[in-house]
Amino acid sequence: QVQLAESGGGLVQPGGSLRLACAASGSIFSINAMGWYRQAPGKQRELVATITSGGLTNYADFVKGRFTISRDNAKTTVYLQMNSLKPEDTAVYYCKLKGRPYLTARESDYWGQGTQVTVSS
């Protein structure tokens, strides 16, 4: 079973920064991609940023130039550096892993429990 543990959320003033981390553990045979999504109250979950096993990154337009996704050398921990935060960035941020827990398993999506980010003065 794949487990994802997120950390780094909290309360920050507009213009401030936060760094989220997501550590994957458990039975992991291969990782296709990892990423961050967010869900604000009353809204659908939306993509924030992703990074593939080859290091290709993709960002939502509303975070380009402000957020940066990266990972560690083992490629099992992904980070989201969030700068110039705005009140509209307030949401629960979820980590997602797309991969296989073992060789013959079908590729699946695995989600973390989420971490709250609140941007407010």
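The values are calculated or read from the model by the stated rules, or taken from the named source; none is laboratory data. Just so it is clear, the structure is predicted and the values come from calculations on it, not from any experiment. Don't worry about glycine lacking a Cβ; one is built from the backbone with ideal geometry, like all the others, and counts go over all protein chains shown. These accessible areas exclude ligands, DNA and RNA; they are computed on the full protein's heavy atoms, side chains included. Shrake-Rupley method; radii C 1.70, N 1.55, O 1.52, S 1.80 Å.
Among the residues of the stretch 96-111, is there at least one that is more than 22 Å from PHE29 (Cα to Cα) and in contact (Cβ under 8 Å) with a residue 40 or more places away in the chain? There is no residue in the stretch 96-111 that is more than 22 Å from PHE29 (Cα to Cα) and in contact (Cβ under 8 Å) with a residue 40 or more places away in the chain. Answer with yes or no whether TYR102 is on the phi < 0 side of the Ramachandran plot, part of a loop (DSSP other than H, G, I, E, B) and either modelled with pLDDT of 95 or more or open to solvent by 30 Å² or more (accessible area, probe 1.4 Å) (or both). Yes. If only residues of the stretch 72-92 that are part of a strand (DSSP E or B) and within 17 Å of GLN13 (Cα to Cα) are counted, the one that is most open to solvent (accessible area, probe 1.4 Å) is GLN81.
Scanning the stretch 18-49 for residues that are surrounded by 13 or more Cβ atoms within 10 Å (Cβ to Cβ), at pLDDT 95 or above and part of a loop (DSSP other than H, G, I, E, B) yields ALA40, ARG45. The single condition among (1) open to solvent by less than 20 Å² (accessible area, probe 1.4 Å); (2) over 14 Å from LEU80 (Cβ atoms); (3) not β-branched (Val, Ile, Thr) that GLY54 does not meet is (1). For the stretch 53-71, indicate whether the set of residues that are touching a residue at least 40 places away in the same chain (Cβ under 8 Å), closer than 17 Å to GLN116 by Cα and not in a helix (DSSP H, G or I) is non-empty. Looking through the stretch 53-71, none of the residues is touching a residue at least 40 places away in the same chain (Cβ under 8 Å), closer than 17 Å to GLN116 by Cα and not in a helix (DSSP H, G or I).
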